[in-house]
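Just below is one structure, and these are the notes that go with it.
The values are calculated or read from the model by the stated rules, or taken from the named source; none is laboratory data. None of these values were measured; they are calculated from a predicted model. FYI the Cβ positions are ideal-geometry reconstructions off the backbone, even for glycines, and counts take in every protein chain you see. Note: accessible area is taken over every heavy atom of the protein model, side chains too, but ligands, DNA and RNA are not part of it. Shrake-Rupley method; radii C 1.70, N 1.55, O 1.52, S 1.80 Å.
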Amino acid sequence: AQSVAQPEDQVNVAEGNPLTVKCTYSVSGNPYLFWYVQYPNRGLQFLLKYITGDNLVKGSYGFEAEFNKSQTSFHLKKPSALVSDSALYFCAVSGPTMDSSYKLIFGSGTRLLVRP
Amino acid sequence: GAVVSQHPSRVICKSGTSVKIECRSLDFQATTMFWYRQFPKQSLMLMATSNEGSKATYEQGVEKDKFLINHASLTLSTLTVTSAHPEDSSFYICSGEDGDTIYFGEGSWLTVV
């Protein structure tokens, strides 16, 4: 069964410092990996995805993530954090199902708090 | 990215009544849409997969007679919470599949009083 783990409930960083939000996955076959961000009382916004190709994926708002097959990880990173990056971040995994749709399985979420 | 619109964003209904939430893909056609439920400070729980022109596929433990899903067109899926009870109060989020990426609506807060 597919699963994804986000080991940190919260990550605290100072503005201007690099940030990392961790994600590990378990899936049979090749994974489709995603990061989404959720601001309070809002839906989820797509940040980036890894389907195939380069292990380093660049996404919206300066975020990037590195796919590491040997460690089954897909950590989200940003070189310089902004206070406005404070939000809830979800890692998700999926793969094509029998009817070719994609069913996302989400991690528990990590709250990122960037202090001024 | 693609845009998914949800309506209403907030709704309050009386216990025992039914309420409908709409999910529209505005700039793409979504053969498949998904409905999630999110409790405060928790992750998203997939409720069902909505397929255009066919019956929805419900996840284990989700009552299909309580949470009616209709996907009548390639741009519209609806979730109707029937005979709502206070424990149905939650944040409901829909999403649509555009290629290999799933885009989410802004969510709908349901409060049953």
* Structure fact -> Per residue of B:100-110, other chain Cβ atoms within 10 Å number on average 5
* Dimensions (Å) - the protein assembly as shown, Cα atoms, principal axes, largest first -> 50, 40, 32
* Structure fact -> With T = 25 °C, eta = 0.890 mPa s and Kirkwood Rh from C-alpha pairs, the Stokes-Einstein D of chain A in µm²/s is about 172
* Cα pair count fraction exceeding 22 Å, expressed as % - chain B -> 25
* Please turn the phi angles of region A:64-80 into ³J(HN,Hα) values with the Karplus equation 6.51 cos²θ - 1.76 cosθ + 1.60 (θ = phi - 60°), one per residue in order, whole Hz, x for glycine and proline. => 8, 9, 10, 7, 10, 5, 5, 9, 6, 10, 8, 6, 8, 9, 8, x, 9
* Structure fact -> To the nearest 20 debye, chain A has a Cα-centred charge dipole, built from +1 on Lys and Arg Cβ and -1 on Asp and Glu Cβ, of 60
* Short version: ³J(HN,Hα) in whole Hz for each residue of region A:35-40, in order, from phi by Karplus 6.51 cos²θ - 1.76 cosθ + 1.60 (θ = phi - 60°), x for Gly and Pro, what are they? -> 10, 10, 10, 10, 8, x
* **Within region B:15-70, trypsin sites (Lys or Arg not before Pro) in DSSP loop having at most 15 other beta-carbon neighbours inside 10 Å** => B:K41, B:K55, B:K64, B:K66
* **Relative contact order %, region A:16-116, counting alpha carbon pairs below 8 Å whose residues are six or more apart** => 31
* Accessible area buried, both sides summed, chains A and B with 1.4 Å probe, Å² -> 1800
* To do: Could you tell me which Cys residues in the protein assembly as shown have no other cysteine's Cβ under 4.7 Å from their own Cβ, answering none if every one has a partner?
  => B:C13
* Structure fact -> If each part is reduced to its alpha-carbon centroid, region B:13-63 and region A:1-52 end up apart, in Å, by 22
* Structure fact -> Contact order relative to length for chain B, counting C-alpha pairs under 8 Å separated by 6 or more residues, stands in percent at 38
